[in-house]
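Q: Let me give you the structure first, and then I'll get to my questions.
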């Protein structure tokens, strides 16, 4: 039996990046031999074991063949006669098909080191096309390493896979998992641009795909194109190190513009509520986590109001805070402001501008939240108020608190 480190750990070391988890392949081994050495079995679909001392995963060298559509449709063959080269041949990209022996020797049968040096993402073999998840993975790698180019033959293969309907077989949970990981990369826009180029975006997120070619008012959007704008917003979210919920919200904040009748272009009246309805469909289809879906729908509905809030009086501001549930969800309101800042700065020539609501609104929310609502309610009840009248008294107290802060603002 011979052990080799494979995949991302080898690639990252060659790139000078910290390698976290190491995956191992055992060549010339059997399950019985590993069990006799104290390895613990964990694999369900194919033989994977945990090293008795390090706890690292060790898989038997294996080959695979396509047996059905989708990414579950594979038959695996793991046996002592499977070579390391055969195991590496089933991997996705050449840069992920490099192995390292225990003595440090590199085994690179598919030119992965060459492609690392040239900064090229290239598929290993035609077998790449058998796994539709790889469309998403390659797009994610492109966003993780934006300096890498996609090999022309790999771009052609991705388009062929999409045309053959492979991505249609992906399950929602896997699509969301890959999208979420891609959103957290240094340049997430590149993931969606690659998916769009090969046709996968139209299959997976048609609500987003239709934004390209939809114009916006140039006085607000120098970049004009709605799809280009969303990509700028998304990259601004990465620049500001925003969490996943904000990045997802940024991706979906303008979906409603894709359903504006052409006769109304470049204006998009009512796109906010249309966008919320579209997002609800996306969220149900992809089974998006609750925190991401709540923030996305809130940003889609309220981003224009937040942008315009400098012109609001105290009562309108308190109504905005009411709709955002800023009293009970101050952390989510802060994330909403971050998403609005990404939207405002994700425009041609606006990247370095200060987003005033991000500085102004927290002070006003804090003033309103500082109202002792229990005392206000008790005083109102003592005057004979009940039900909605007590709520109105609390509202007016918050308006008064906001008005007092507004009067001191320049």
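A short reminder: the numbers here are calculations on the coordinates, not readings from a lab. Everything numeric here is computed off the predicted structure, so don't read it as measured data. So basically every Cβ, Gly included, is an ideal-geometry build from the backbone, and we count neighbours across all protein chains shown.
Q: Equivalent ellipsoid semi-axes for segment 289-410, as square roots of 5 times the alpha carbon gyration tensor eigenvalues: give them largest first, rounded to whole Å.
A: 30, 17, 10
Q: What percent do you get for the relative contact order of segment 1-114 when only Cα pairs under 8 Å and 6+ apart count?
A: Over segment 1-114, the number comes to 26 percent.
Q: If you don't mind, another one. Please arrange 203, 323 by counting, for each residue, the other beta carbons lying within 10 Å of its beta carbon, fewest first.
A: 323, 203
Q: Binning at 10 angstrom from zero up to the longest distance, how are the C-alpha pair distances of the chain distributed in percent?
A: Reading upward from the zero bin: 4, 18, 24, 20, 15, 10, 6, 2, 0.
Q: Same structure, new question: Angle between the Cα long axis of helix 373-382 and the longest principal axis of the chain, 0 to 90 degrees, nearest 10?
A: It works out to around 40 degrees.
Q: How compact is segment 304-372 by the rule of thumb for globular proteins, expressed as Cα Rg over 2.2 N^0.38 Å? Provide the component values of the computation, followed by the final result.
A: Details: Rg = 12.3 Å, N = 69, 2.2 N^0.38 = 11.0 Å.
Segment 304-372 yields a ratio of 1.12.
Q: Another question, then. What is the distance, in nm, between label points placed 7 Å from the Cα along the Cα-to-Cβ direction at residue 400 and at residue 379?
A: In this crude label model, residue 400 to residue 379 measures out at 0.5 nm.
Q: Something else: Which angle between 0 and 90 degrees, to the nearest 10, do you get for helix 133-144 versus the longest principal axis of the chain when only C-alpha atoms count?
A: Rounded to the nearest ten degrees, it is 70.
Q: Helix 330-345 versus the longest principal axis of the chain: what is the Cα-based angle in degrees, 0 to 90, to the nearest 10?
A: On a 0 to 90 degree scale, this one is about 80.
Q: Ok, one more. Quick check on segment 258-307: take the gyration tensor over C-alpha atoms, sort the square-rooted eigenvalues as a ≥ b ≥ c, and tell me if it's rounded (a/c under 1.5), prolate or oblate. Please report the intermediate quantities before stating the final value.
A: On the way: a/c = 4.12, a/b = 1.58, b/c = 2.60.
In terms of gyration-tensor shape, oblate.
Q: Normalised radius of gyration for segment 170-271, please: alpha carbon Rg relative to 2.2 N^0.38 Å, two decimal places.
A: 1.07
Q: Normalising by the residue count of the chain, find the relative contact order in percent from Cα pairs under 8 Å and 6+ residues apart.
A: About 9 percent, as a whole number.
Q: Let me ask something else about it. Run the numbers for residue 280 and residue 328: contour at 0.36 nm per residue of separation, minus the present Cα-Cα distance, in nm.
A: Result for the pair: 15.0 nm of gain on full extension.
Q: So what is log10(I(q)/I(0)) for segment 203-355 at q = 0.12, 0.13, 0.15 1/Å, when the Debye sum runs over its Cα atoms only?
A: At q = 0.12, 0.13, 0.15 Å⁻¹ the computed log10 ratios are -0.47, -0.55, -0.75.
Q: Still on this structure: Within a 10 angstrom radius of the beta carbon, how do 119, 257 rank from fewest other beta carbons to most?
A: Arranged by neighbour count, lowest to highest, 119, 257 become 119, 257.
Q: Still on this structure, I have one more. Between residue 101 and residue 389, how high is the FRET efficiency from 1/(1 + (r/R0)^6) when r is the Cβ-Cβ distance and R₀ = 60 Å? Nearest 0.05.
A: 0.15
Q: Moving on. Taking the Cβ-Cβ separation of residue 147 and residue 174 as r and a Förster radius of 22 Å, what is the calculated FRET efficiency to the nearest 0.05?
A: That pair, residue 147 with residue 174, gives E of 0.20.
Q: Once label points are set 7 Å from the Cα along Cα→Cβ at both residue 366 and residue 117, what is their separation, rounded to one decimal in nm?
A: Reported label-point gap for residue 366 and residue 117 is 5.6 nm.
Q: Please state, rounded to one decimal and in Å, the Kirkwood hydrodynamic radius that segment 1-114 gives when every pair of distinct Cα atoms enters the mean of 1/r.
A: 14.6
Q: Treating each Cα of segment 77-123 as an identical point scatterer and ignoring solvent, apply the Debye formula and state log10 I(q)/I(0) at q = 0.31, 0.32 Å⁻¹.
A: Log-scaled intensity ratios, in q order: -1.12, -1.15.
Q: In addition: Among 185, 373, 94, rank each residue by its count of other Cβ atoms within 10 Å, from fewest to most, as a rough exposure measure.
A: Least to most surrounded, the residues fall as 373, 185, 94.
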